[in-house]
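Take a look at the structure below.
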Amino acid sequence: MKPEKSMISFLFILIITSFVLSACAGGNVLNTQVVKDKSQIEGTYTLILYGTAEYEGLNSIAFLDREGDDYTFVPYAPGYNFKTIKQVNAAEGIEKANSFIKRQANYRTSRIRKIVNKQDDTIGYEVRPLYDAKAYGQADVLMVTIIQEDNNDIKIIVDILSRVKRIFDGRRR
């Protein structure tokens, strides 16, 4: 086969694969944006505290789901991996979130990001831990995917980066 035809075939397969994968996702992946001033966060929220003991609790993270809107945050995890607290004001929610995520020994600080829908409206917040970069090769060790389902459920998928898992797996041998 000529190189041009090979390249065209490859691109065609790549395009078809990307369409199939996006169709399988079952929703729209939402974006997050850094919050510069947390005092601007107001309202009442459901606080979601997510985390397990696996990998020394590195996957601890918190979410603030704005109450009274059309969206419901749903962690993609068994119920025993997260706890929800309803009717929490913004300041209290951020304080509890920070207390929860800083339990890991290499915790250094947190970063708050607002979660926005496709219309760029803020529908909630993520309170993410940042760790000692020397311990794991980088400060941010989580991979978080936030998907808006057709019924306005917001599916939250949390995982630890593969390269960080490999650090732990190497220690276990």
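Give the residue that is modelled with the lowest pLDDT, with candidates limited to residues of the stretch 87-103 that are in contact with a helix residue (DSSP H, G or I) (Cβ under 9 Å, 6 or more places away or on another chain) and surrounded by fewer than 18 Cβ atoms within 10 Å (Cβ to Cβ).
Arg103
Would you confirm, using the coordinates I've provided, whether Ile115 is farther than 20 Å from Asp37 by Cα, in contact with a Ser or Thr (Cβ under 9 Å, 6 or more places away or on another chain), β-branched (Val, Ile, Thr) and in contact (Cβ under 8 Å) with a residue 40 or more places away in the chain? Give the derivation first.
Details: farther than 20 Å from Asp37 by Cα: no; in contact with a Ser or Thr (Cβ under 9 Å, 6 or more places away or on another chain): yes; β-branched (Val, Ile, Thr): yes; in contact (Cβ under 8 Å) with a residue 40 or more places away in the chain: yes.
So Ile115 fails the test.
May I ask you to say which residue of Lys165, Lys155, Lys134 is in contact with a Phe, Trp or Tyr (Cβ under 6 Å, 6 or more places away or on another chain) and of a type in the set (Lys, Arg)?
Working: Lys165 fails: in contact with a Phe, Trp or Tyr (Cβ under 6 Å, 6 or more places away or on another chain); Lys134 fails: in contact with a Phe, Trp or Tyr (Cβ under 6 Å, 6 or more places away or on another chain).
Result: Lys155 is the single residue among Lys165, Lys155, Lys134 that is in contact with a Phe, Trp or Tyr (Cβ under 6 Å, 6 or more places away or on another chain) and of a type in the set (Lys, Arg).
Looking at (1) over 29 Å from Ile167 (Cβ atoms); (2) touching a residue at least 60 places away in the same chain (Cβ under 8 Å); (3) among the hydroxyl-bearing types (Ser, Thr, Tyr), which is the only condition Thr122 fails?
Result: Thr122 passes all but (2).
Residue by residue through the stretch 104-161, note down the ones that are loosely packed, with under 14 Cβ neighbours inside 10 Å, aliphatic (A, V, I, L, M), at pLDDT 95 or above and outside any strand (DSSP E or B).
Listed by number, the list holds a single entry, Ala133.
Please find, within the stretch 55-86, the residue that is surrounded by the fewest Cβ atoms within 10 Å (Cβ to Cβ) out of those that are over 21 Å from Arg111 (Cβ atoms) and either touching a Cys at 6+ places or on another chain (Cβ under 9 Å) or among the acidic types (Asp, Glu) (or both).
Result: Asp70.
The values are calculated or read from the model by the stated rules, or taken from the named source; none is laboratory data. Computed from a predicted model, the values in this text were never measured in an experiment. A quick note on method: Cβ atoms are made from the backbone with ideal geometry, for glycine too, and the neighbour counts reach across all protein chains shown.
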